[in-house]
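Here is the structure we will look at.
The values are calculated or read from the model by the stated rules, or taken from the named source; none is laboratory data. Predicted, not measured: the structure shown is a model, and the values here were computed from it. Heads up, the Cβs are rebuilt from the backbone with ideal geometry, glycines too, and the neighbour counts pull from every protein chain shown. We work out accessible area using only protein heavy atoms, side chains counted, and drop any ligands, DNA or RNA first. Shrake-Rupley method; radii C 1.70, N 1.55, O 1.52, S 1.80 Å.
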Amino acid sequence: MTILIESEEHKALREAVTAFAKNHPTPTDNRSIWQEAAKLGYIGVNLPEAYGGGGGGITELSLVLEELGAAGSPLLMMIVSPAICGTVIARFGTDAQKRQWLPALADGTRLMAFGITEPDAGSNSHRITTTARRDQDSGDWLLTGRKVFVSGVDIADATLIVGRTEDARTGRLKPCLFIVPRDTPGFTRRPIDMELNAAEKQFELVLDDVRLPADALVGDEDAGLLQLFAGLNPERIMTAAFAIGMGRHALAKAVEYARDRTVWNTPIGAHQAIAHPLAQAHIDLELARLMMQKAAALYDAGDDMGAGEAANMAKYAAGEACVKAVDQAVHTLGGNGLTREYGLARLITAARVARIAPVSREMILNYVSHQTLGLPKSY
């Protein structure tokens, strides 16, 4: 499994996406660029060919997102709709669910959001309180609970909700995933007022005895945890791609400015105080990309355990590299770095997201401490 050198196919895909993104700089209408990218096969590149996808994997999808971000046209919902929801349905969904959702997710006509985070659970997925219980008379599911920081619910046709059901054998609650259509009675949303300036809005969701048919459950009721992490590993890999693309975009602007901006007859990029930090930012982004490629390759090869470790490391490395690259880019431009004209100031807030979501860097350090290094848990 060679991942150090990209194949000719991957190089060609990267070049094609770059050319596409350059024709759609910093879009104000993400829905339009989403549909155009889908027509070219970019949105569903990871989904099965039998359902209209490209037959690739997270390797190809992360490449697409990275290049879109590097060109200034990142699509946040790529992390959610094809990567998390599409992957879970493709791996674990019923035949009917696959037929209903995968072709539409691949061709861009439908979007799906993902709801896991709760106000009191945070990063602890074992404390999720959204519960699903059976209506013994009809066989329907009834979901009750709250979710926060759910991206794009207003533009999504449905949300893949992580709830918990009671195990008939042990009485303990176990995670399960449900497809909840946007207009289902009892399913309401409230926008969260964010300082973050992004096309995709964040929402709080309330599920008040939301009634769903029995076939809204994705996959096996007894395999919920496996199914959940089948979606969370791609989420981390794609967040890394999002961060690397953003960092590359900021760095490219800074390099161009440092090359052209002249003070005392010398381009400022000739000074090591400017050049070296930019070079360090480039190195950090390249190192993060290598780990992201490793994580994607492991996931696509079916090594969920190995992919889990690598995906967390990739997300950590990419988040740190992105924040540093954006900070250095803004600093390189000085006052211009804070102007709307150069478009870097908006990345200061956006870059922080890569450190925080979908899991904080501290929780990743906890994971590596006890899962990789074998140290005792602190929580």
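So how do I33, I274 rank on accessible area, 1.4 Å probe, biggest first, that is with the largest at the start?
I get I274, I33, largest accessible area first.
With a 1.4 Å probe and every protein chain kept in, tell me what percent of the accessible surface of the chain is carbon plus sulfur.
Ligands and nucleic acids excluded, carbon and sulfur reach 52 percent.
Can you tell me which lysines have their Cα less than 19 Å from the Cα of K39? Leave out same-chain residues fewer than eight positions away.
K22
How would F92, F149, F114 rank on accessible area, largest to smallest, probe 1.4 Å? The partial results should precede the final answer.
On the way: F92 45, F149 115, F114 20 Å².
So, going from the largest accessible area down, we get F149, F92, F114.
Tell me the angle of helix 95-107 to the major Cα principal axis of the chain, expressed in degrees between 0 and 90 and rounded to the nearest ten.
20
Using only the alpha-carbon atoms, how far is helix 345-356 inclined from the longest principal axis of the chain? Give it as 0 to 90 degrees, nearest 10.
The answer is roughly 50 degrees.
Solvent-accessible area of K294, probe 1.4 Å, all protein chains present, reported in Å² to the nearest ten, please.
Solvent-accessible area, nearest 10 Å²: 90 Å².
Over the range 256-364, what is the relative contact order in percent, taking alpha-carbon pairs closer than 8 angstrom and at least six residues apart?
Rounded, it is 22 percent for the range 256-364.
How many Å² of accessible area per residue for the range 40-89, probe 1.4 Å?
Counting only protein heavy atoms, the per-residue value for the range 40-89 is 21 Å².
Using a Cα-Cα cut-off of under 19 Å, which aspartates and glutamates could be cross-linked to K315, ignoring same-chain neighbours fewer than 8 residues away?
K315 reaches E60, E66, E67, E235, D284, E286, D300, D303, D304, D327, E362.
So, R0 is 35 Å and r is the distance between the beta-carbons of E166 and A198; what FRET efficiency does that work out to, to 0.05? Could the numbers behind the result be given before it?
On the way: r = 37 Å, r/R0 = 1.07.
It comes to 0.40.
Is any residue of the range 315-351 close enough, with backbone N under 17 Å, to a label point placed 7 angstrom from the Cα of H271 along the Cα-Cβ axis, and if so, which?
Backbone N within reach: 328-337.
Could you tell me the relative contact order of the range 177-256? Use alpha-carbon pairs under 8 Å, at least six residues apart, and round to a whole percent.
The normalised contact order for the range 177-256 reaches 28 percent.
If the limit is 20 Å between Cα atoms, which of K98/K174; K147/K174; K253/K324; K201/K253; K98/K147 go over it?
Pairs exceeding 20 Å: K98/K174; K201/K253; K98/K147.
What's the center-to-center distance, using Cα atoms, between the range 58-108 and the range 128-192 in Å?
First find each Cα centre; the distance between them is then 21 Å.
List every residue whose amide H lies under 5 Å from the amide H of T165, counting only residues 5 or more places away in sequence or on a different chain, with H placed 1.01 Å from N in the peptide plane.
Correct list: A132, K174, C176.
Starting from the Cα gyration tensor of the chain, multiply each eigenvalue by 5, take the square root, and state the resulting semi-axes largest first in whole Å. It would help to have the intermediate numbers written out before the result.
Working: eigenvalues 274, 93, 83 Å².
They are 37, 22, 20 Å, listed from largest to smallest.
Count charges around Y367 for me, please; just the other residues with Cβ under 13 Å from its Cβ, Lys/Arg as +1, Asp/Glu as -1. Please list the in-between numbers first.
On the way: positive: R236, K315, R361, K377; negative: E309, E362.
Result for the neighbourhood of Y367: +2.
Tell me, what is the FRET efficiency for T109 and V206 to the nearest 0.05, using R0 = 41 angstrom and their Cβ-Cβ distance as r?
0.90
Pulled fully out, how much extra length does the chain show between Q35 and T129, if you take 0.36 nm times their separation in residues and subtract their Cα-Cα distance?
That works out to 30.3 nm of additional length.
Decide, for the range 56-138, between rounded, prolate and oblate: order the square roots of the alpha carbon gyration tensor eigenvalues as a ≥ b ≥ c, take rounded if a/c falls under 1.5, and otherwise choose prolate if a/b is larger than b/c, else oblate.
Values: a/c = 2.63, a/b = 1.40, b/c = 1.88.
Verdict is oblate for the range 56-138.
Got a number for the accessible area of Y367? Probe 1.4 Å, square angstrom, nearest 10.
Rounded to the nearest 10, that gives 60 Å².
Out of residues 5 or more away from F114 or on other chains, whose amide H comes under 5 Å of its own, with H placed 1.01 Å from N in the peptide plane?
S151, L160
So how do E320, E362, E66 rank on accessible area, 1.4 Å probe, biggest first, that is with the largest at the start?
E362, E320, E66
Please report, in Å, the Rg and the Dmax of the range 154-296, where both are computed over Cα atoms only.
Final numbers for Rg and Dmax: 23.3, 78 Å.
With everything on Cα atoms, drop me the angle between helix 30-39 and the longest principal axis of the chain, reported from 0 to 90° to the nearest 10.
80
To the nearest 10 square angstrom, what accessible area does S32 show with a 1.4 Å probe?
40
Calculate the spin-label point distance for S369 paired with A96, positioning each point 7 Å from the Cα along the beta-carbon direction, and give it in nanometres.
4.7
With an 8 Å cut-off on Cα pairs and a minimum separation of 6 or more residues, tell me the relative contact order of the chain in percent.
15
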